[in-house]
């Protein structure tokens, strides 16, 4: 199998992965690692591309380019979704920390201080 065929296979596999919804948190790490692995393989194949190309490789390359145009927005969508979830987690941590610390410091309001002593 030549480089262009391998690139087509990996890009198509990547698109099928990205078309599925983001799994639950328990299996999310394995899913993201598989996407990352496919992206790394795809990157190495792109770097290995070198002309001259046959007509069949040119046609396959056009197909890969079209699939790549579909891959990019899906990757950006996953990135946006993960970034949003991360922001929500950070906000909930901040809120929980602020709530816990609110009762650790004694409040000065409502207390009466006698200045004569």
Some residue of the range 12-21 being within 12 Å of residue 60 (Cβ to Cβ) and touching a helix residue (DSSP H, G or I) at 6+ places or on another chain (Cβ under 7 Å): yes
Any hit, the range 53-62, residues being exposed (fewer than 11 other Cβ atoms within 10 Å of the Cβ), free of Cβ contacts under 8 Å to residues at least 60 places away in the same chain and assigned to a helix (DSSP H, G or I): yes
Among (1) surrounded by 14 or more Cβ atoms within 10 Å (Cβ to Cβ); (2) more than 20 Å from the chain's Cα centre (by Cα); (3) assigned to a helix (DSSP H, G or I) - the single one residue 47 does not satisfy: (1)
Residue within the range 53-69 that is modelled with pLDDT under 85 and over 26 Å from the mean Cα position of the chain (by Cα) present: yes
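The values are calculated or read from the model by the stated rules, or taken from the named source; none is laboratory data. Since the structure is predicted, the reported quantities are computational estimates derived from the model, not experimental observations. When we count neighbours, we look across all protein chains shown, and the Cβ atoms used for this are built from the backbone with ideal geometry, even at glycine.
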